[in-house]
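Here the structure is laid out as structure tokens; the discussion comes afterwards.
The values are calculated or read from the model by the stated rules, or taken from the named source; none is laboratory data. Only a predicted model underlies this, so the values are computations on that prediction, with no experimental measurement involved. Quick reminder, even Gly has a Cβ in these numbers, built from the backbone with ideal geometry, and neighbours come from all protein chains shown. Side chains included, ligands, DNA and RNA excluded: accessible areas come from the protein's heavy atoms. Shrake-Rupley method; radii C 1.70, N 1.55, O 1.52, S 1.80 Å.
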Amino acid sequence: MKDVKLPSGWREFQLKDIGYFLRGSGISKKDLSDTGVPAVRYGDIYTKYDFIIKNISSYTNSKGTELKRGDILFAGSGETAEEIGKSAAFLDDYKVLAGGDIIIFRPNIDLNSLFLCYILNFGRCRKEISIMGQGHTVVHVYASSLEKLMVTLPPIDEQKRIADILSLCDDIIENLAKLIEKKELYKKGVMQRVLTGKVRFNGFTDEWKDIFLYEVLKERKIYQSKDGSLEHVSLTKDGIIPKTERYERDFLVKDKNKQYKITKINDICYNPANLKFGVICKNNYGEGIFSPIYVTFEVNKEFDADFFTYIFKSKSFIHNVRRYEKGTVYERKSVSPENFLSIKIKVPNLEEQKRISELISTIDAEIDNLKKQLELRKLQKKGIMQRLLTGEVRV
């Protein structure tokens, strides 16, 4: 960074010039308990915490390295280069212990630890820390490498103002994430009640009837080669989506005349080997072709496709249908369409089916809107970080 002109008042340091390193110690998984001293293990840094160590839910009665306010904790190990070196600041005053494979940086000059943590997890610093990773199955980073890392710091008052702004962004993001979690929990409770008839809408008193799924669904067995007339799509847990590189397997297909299965809008589709993971959905995308191993059902017009989609995605139905799994290898155990269609369930009349699916769809729309807001806030924060942490915009 010697050729880069620094913003006025900003200075460049190696980490070893502004603090020193300690190592966490002890605290294996078996040392955790429901009582004792709050404890942080290295995996917590990249799975539980973003930029601040807070709301600690693990405790131990064993020994560890005691943290001090302002310490910055690095994950010294991880499965990927993206995980190692992830850091979070400890900003409280109560006793907390850090376990092994945690690298602790303790500043010895007047600086804002949260600001430094934002710098360390952003842009150039984050990339350089990832490059420092050593190993394959488990990746490690060491204090001897981190101490040479160059960081650029503005005056302390500006550090605090920047940290306050970014912390406010994080609070908004965290609150939205919590709201989404609550909404999804609420949806789960609603589904458990309305899809079983435990709670009924006013005006509906008819008994729910037992029906076989072959009365509702008919397997669509139409095939064609990949000639470009229909889009190649993928079946995922989140629905039918355009084929992406992640799901691209065409390079494995040697037969240019291979037949793909056609699926149409409003079909109900599932992956026979992945029902255990909830890979079943209604085709809301449109007509396309996908792998012939997938099953696609046309829905009888006397029934509401959305209602049955919610039924099929429920945990109780997945548990029920998995009784029909066949195969010797867990990953390949599958449910045939014949066995799927032989299942009997209780359903209300068409009007009540629609009322139920409309209610759940409304909740889904609220959750989707919150998720869009969350992604927008994350994008906004990324832009703010780019401007503030480089000194492009001064506060």
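Between the amide H of ILE102 and those of GLY24, GLY76, distances stay under 5 Å, these residues lying 5 or more places away or on another chain, with hydrogens modeled in the peptide plane. Mean separation of Cα pairs under 8 Å and 6 or more residues apart, divided by the residue count, gives region 1-159 a relative contact order of 31 percent.
Candidates MET191, LEU149, ALA163 compared by Cα position along the dipole of region 144-207: farthest toward the positive end lies MET191, with charges placed on Cβ. For VAL96, the residues whose amide H sits under 5 Å from its own are LEU67, ignoring neighbours fewer than 5 places away on the same chain, with H placed 1.01 Å from N. Karplus-based coupling profile of region 37-47, in residue order and whole Hz: 8, x, 9, 10, 9, 4, x, 4, 5, 9, 10, with θ = phi - 60° in 6.51 cos²θ - 1.76 cosθ + 1.60 and x standing for Gly or Pro. Our coupling estimate for region 278-285, obtained by passing each phi through the Karplus curve with A = 6.51, B = -1.76, C = 1.60 and θ = phi - 60°, is x, 7, 8, 7, 8, 6, 9, 8 Hz, Gly and Pro reported as x. Across region 333-342, coupling constants 3J(HN,Hα) worked out from phi with the 6.51/-1.76/1.60 Karplus curve, θ = phi - 60°, read 4, 9, 10, 6, x, 5, 5, 4, 6, 7 Hz, and Gly and Pro carry x. Taking amide H as placed 1.01 Å from N in the peptide plane, the amide H of GLU79 sits under 5 Å from that of VAL139, each at least 5 places away or on another chain. Expressed as a whole percent, the accessible surface of region 72-191 that belongs to carbon and sulfur atoms is 57, based on a 1.4 Å probe.
Here mean projected area of the Cα convex hull in nm² was calculated from the structure, and among (1) 23.6; (2) 18.4; (3) 26.1 it sits at label (3). The calculated 222 nm mean residue ellipticity attributable to helices in the chain amounts to -10500 deg cm²/dmol, summing -39500 (n - 2.57) over DSSP H runs of n ≥ 4 and dividing by all residues. In loop segments of region 300-395 as defined by DSSP, the GluC sites (Glu not before Pro) with at most 12 further C-beta atoms inside 10 Å of their C-beta are GLU302, GLU392.
Rolling a 1.4 Å probe across the protein heavy atoms gives the chain an accessible surface of 56 Å² per residue.
Across the options SER130, TYR59, VAL216, the greatest Cα extent toward the positive end of the charge dipole of region 59-216 (unit charges at beta carbon of Lys, Arg, Asp, Glu) belongs to VAL216.
Please report, as a whole percent, how much of the solvent-accessible surface of region 276-393 comes from carbon and sulfur atoms (probe radius 1.4 Å). Carbon plus sulfur share of accessible area: 51 percent.
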